[in-house]
Amino acid sequence: MSENPAFCVKVPHMQTATVVKPKLFGSLISEVLNRNLCTSCGGCVASCPVYILQMQGEKPTMKGKCELCQVCYHSCAAAAFPRDEVEKTIFGRPRNANEPIGIYNTITNARSMKNEILQKCQDGGVVTSILGYALESGKIDAAVVTSLDRQTPWKAIPSVALDYAGVLDAAGTKYAASPTLIGLMSAAQEYGKKKVAMVGTPCQIRTYRRMQTSPLGAKRLASTVSLAIGLFCMETYHYDKLLGEYLRTKNIDLSKISRFEMKNEKFRVYNGEKQRLDVPIKELDAYRRSNCRACEDFSSEFADVSVEEWAAQRVGVP
């Protein structure tokens, strides 16, 4: 027998663990911002529990130490939006093949009956009327709307309307992006409101629904929304490019403009009743936001109420 017998040491089989990297703001940079998919909705900024995210121009940026919570990523509809799961949560079922604009109960025509609204609104004043009624009846205690910056002509900013006058002041369409979800954060945290109406474009409504349904989303913020009103949207434009660069080529002074209009495939600009510009919308294609080219929702499919003056005609719904 050998003086040095061999020993066989058996090591239990060790399973290889899969390490999943957390989805942080850096993930949003690589997956959303660098791919030009950011909608400038402000959802990541509004959802950050330590307030280190800020909007810089039309893009979010980080200004402090990340706490690795992942909430910003999981509140971003541009990063991920499991449509069927969201529909099951909100509507109780996914859409079928005969619902190209999403699940809805009914389609109807409406127009405001208040002259002060019709004089200020873009079209029929439906959104303004709904918000005004909801505030005055106590169904909501605030409305997140898009207003105009007092310092920069026609620059869209989110604002919190607490009464009918505030809603009326925000009436009218704006054609540049506004970080609406930051307005929702303001309503909930600065004003302490718990029954908020939110008016947004399809991408902004999707962000709210992503917050509401994602396991790691900003659920507390989303829970303050009592009414989500979505606007039909074909495209949104960069403020500096469309309302700055483009209009300068047409010798138009933005500070003297009273109204913009996009109808019948035309872009029109007015100074009072005087029309200053009438061009095909296709001429503006170079100024359109890149994320709009990848958008698959123009009818605000996930809103409680979707509104647009040409909706039925455009999608062929009777």
Legend entry - Per residue accessible area of region 254-308, 1.4 Å probe, in Å²: 54 Å²
Inset, instruction - Rounded to the nearest Å, what's the spacing between the alpha carbon centres of region 133-201 and region 106-120? Just the number, please. - result: 19 Å
Inset, instruction - Enter the accessible area per residue of region 93-173 (Å², integer; probe 1.4 Å; all protein chains in place). - result: 57 Å²
Legend entry - Hydrodynamic radius of region 153-265 per Kirkwood, over alpha carbon pairs, in Å: 15.7 Å
Legend entry - Gyration tensor (alpha-carbon) shape descriptor, region 100-140, a/c threshold 1.5: oblate
Legend entry - Cβ-defined net charge surrounding residue 168, 14 Å radius [Lys, Arg +1; Asp, Glu -1]: -2
Inset, instruction - Using label points projected 7 Å from each Cα along Cα→Cβ, tell me how many nm separate residue 29 and residue 266, to one decimal. - result: 4.7 nm
Legend entry - Beta bridge orientation in the chain: antiparallel %, DSSP, nearest 5: 65 percent
Inset, instruction - State to the nearest 20 debye the size of the charge dipole of region 41-129 about its Cα centre, where the only charges are +1 on K and R beta carbons and -1 on D and E beta carbons. - result: 120 debye
Legend entry - Bridge type composition, region 198-318 - antiparallel percent by DSSP, nearest 5: 65 percent
Legend entry - Flagged links, alpha-carbon separation over 29 Å, of 155/263; 88/155; 21/174; 120/282; 114/195; 65/174: 88/155; 21/174; 65/174
Inset, instruction - Find, among the trypsin sites (Lys or Arg not before Pro) in region 117-219, those assigned to loop by DSSP (not H, G, I, E, B) with at most 14 other beta-carbon atoms within 10 angstrom. - result: 139, 150, 194
Legend entry - Cut-off of 10 Å, at most 14 other beta carbons, DSSP loop: longest stretch of the chain lacking such GluC sites (Glu not before Pro): 68-264
Inset, instruction - Please compute the net charge surrounding residue 84, taking Lys and Arg as +1 and Asp and Glu as -1 over other residues with Cβ under 12 Å from its Cβ. - result: +2
Inset, instruction - Please state, as a whole number in µm²/s, the translational diffusion coefficient that the Stokes-Einstein equation yields for region 211-318 at 25 °C and 0.890 mPa s, with Rh defined as the Kirkwood radius across alpha carbon pairs. - result: 149 µm²/s
Legend entry - residue 62 accessible area, 1.4 Å probe, all protein chains in place, Å² to nearest 10: 80 Å²
Legend entry - Computed helical MRE - 222 nm, the chain, DSSP H runs ≥ 4 contributing -39500 (n - 2.57), nearest 500: -5500 deg cm²/dmol
Legend entry - Per principal axis, descending, Cα span of region 154-196 in whole Å: 29, 22, 13
Inset, instruction - Could you tally the net charge around residue 24, taking each other residue with its Cβ under 13 Å from the Cβ of residue 24, Lys/Arg +1 and Asp/Glu -1? - result: +1
Legend entry - Alpha-carbon centroids, region 25-59 and region 203-278: separation in whole Å: 19 Å
Inset, instruction - Report the one residue of 221, 176, 160 whose Cα lies farthest in the direction of the positive end of the charge dipole of region 91-241 (charges on C-beta: Lys and Arg +1, Asp and Glu -1; origin at the Cα centre). - result: 221
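The values are calculated or read from the model by the stated rules, or taken from the named source; none is laboratory data. Worth saying up front: this structure is predicted, and the values here are computed from it rather than measured. Here the Cβ is made from the backbone with ideal geometry for all residues, glycine too, and neighbour counts use every protein chain on show. For the accessible areas, the whole protein counts, side chains as well, though only heavy atoms, and no ligand, DNA or RNA atoms are used. Shrake-Rupley method; radii C 1.70, N 1.55, O 1.52, S 1.80 Å.
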